[in-house]
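Novice: Handing you this structure, nothing more for now.
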Amino acid sequence: MNFKLNFKKRIVFAYQRNIISILSCLFIISNVSGQSVFDWNGSYKLSESDFAASRSGTGGDIYTIYAACTINLAFQMSNYEFMFSKNFNSKVTTTFNRNASYIIAPDSIVSKKLLNFAQAEFDLAELFARKFRKSMYENKKAFSDPSFYQKLYDNMQSEYAVKSSELGQSTNMGMAEVRLQEQHVMILSEIDDLRDFCKDCKPKRKKKDI
C-alpha cells in the first residue's frame with residue numbers, strides 16, 4: 001500500500017495605494033538545514049533568507065507575501081502493517097519551501113511584519129498537522145478501511161482554510177502587530193497542548209487502547 005496526500009493552501013496578499021487585495025498564499029510542509037524544503041521545527045524561526053524566490057525584495061509601494069507551506073500525509077506499508085498501525089504521526093509532515101517563497105515590501109519595517117505573519121502561518125499549519133495526527137490516532141481501528149483518513153482530512157482542510165483566512169484578515173497580514181502577537185501566542189499554546197502529536201512523538205496510550 002503506497003499512499004500520499006498533499007494539502008496546499010495558497011494565499012498571497014498585496015498592498016498598493018492603501019488598497020489591500022487578497023491574491024494568494026501557499027502553505028507546504030518540510031525540514032530545516034539549509035535545503036530548499038525543510039520540516040517545521042519549533043526551535044527554528046523563519047528569516048528573510050528563507051524567502052529566496054526571485055521576486056523577493058523591497059521598494060515601491062506594494063507589499064506581498066508568498067509563504068510556501070504544506071501539510072503532507074504519505075505512507076507505504078502492507079495491508080497487515082496498516083491493520084495493526086495506530087500511530088501515524090511520522091506520516092504527516094509540515095514543510096516550507098524556500099525557493100517558492102517571497103516577500104515584497106516597501107521597506108524593512110513592513111518586511112519584518114510580513115515575516116512575523118509568515119511565521120504565525122507556518123505554526124498554524126503545524127497546529128493543524130497535529131490536529132490531523134490526533135484525529136487519525138483516535139479514529140484508526142484495527143480493521144479500519146485504508147480510506148479512513150479521508151473524512152478526517154477533509155474536516156482538517158476546511159477548518160484550516162477558515163482559520164488561515166481569519167488570521168490574515170484579523171491581523172491585516174501582520175500589519176496589526178499586537179493582534180498578530182495575541183493570535184500567535186494562542187497558536188503556539190495549542191501546539192504545546194498537542195505535544196504528543198509532534199511528528200516524532202509517540203502518543204500516550206490510554207488504558208482502553210492497551
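The values are calculated or read from the model by the stated rules, or taken from the named source; none is laboratory data. Predicted model only: the values in this text are computed from it and were never measured. Using ideal geometry, Cβ is built from the backbone for each residue, glycine included, and neighbour counts are taken over all protein chains shown.
Novice: Restricting to the range 106-125, what's the tally of residues that are among the acidic types (Asp, Glu) and either in contact with a Pro (Cβ under 8 Å, 6 or more places away or on another chain) or surrounded by fewer than 20 Cβ atoms within 10 Å (Cβ to Cβ) (or both)?
Specialist: 1
For every residue, the table says whether it meets (1) basic (Lys, Arg); (2) farther than 20 Å from CYS69 by Cβ.
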residue: VAL92; (1), (2): no, no
residue: ASN99; (1), (2): no, no
residue: LEU115; (1), (2): no, no
residue: ALA125; (1), (2): no, no
residue: ARG133; (1), (2): yes, no
residue: GLU138; (1), (2): no, yes
residue: ASP145; (1), (2): no, yes
residue: GLN157; (1), (2): no, no
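Quick grid of which residues meet (1) modelled with pLDDT under 95; (2) over 27 Å from LYS113 (Cα atoms); (3) surrounded by fewer than 16 Cβ atoms within 10 Å (Cβ to Cβ); (4) of a type outside the set (Lys, Arg):
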| site | (1), (2), (3), (4) |
| --- | --- |
| LEU127 | no, no, no, yes |
| ALA142 | yes, yes, yes, yes |
| ASN172 | yes, no, no, yes |
| LYS202 | yes, yes, yes, no |
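Novice: Return a yes/no flag: does the range 86-94 have any residue that is of a type in the set (Lys, Arg) and closer than 18 Å to TYR44 by Cβ.
Specialist: No: the range 86-94 contains no residue that is of a type in the set (Lys, Arg) and closer than 18 Å to TYR44 by Cβ.
Novice: Here is a follow-up. Given the residues PHE75, PHE84, PHE96, which is the only one that is in contact with a Cys (Cβ under 7 Å, 6 or more places away or on another chain), of a type outside the set (Ser, Thr, Tyr) and modelled with pLDDT of 60 or more?
Specialist: Exactly one residue qualifies, and that residue is PHE96.
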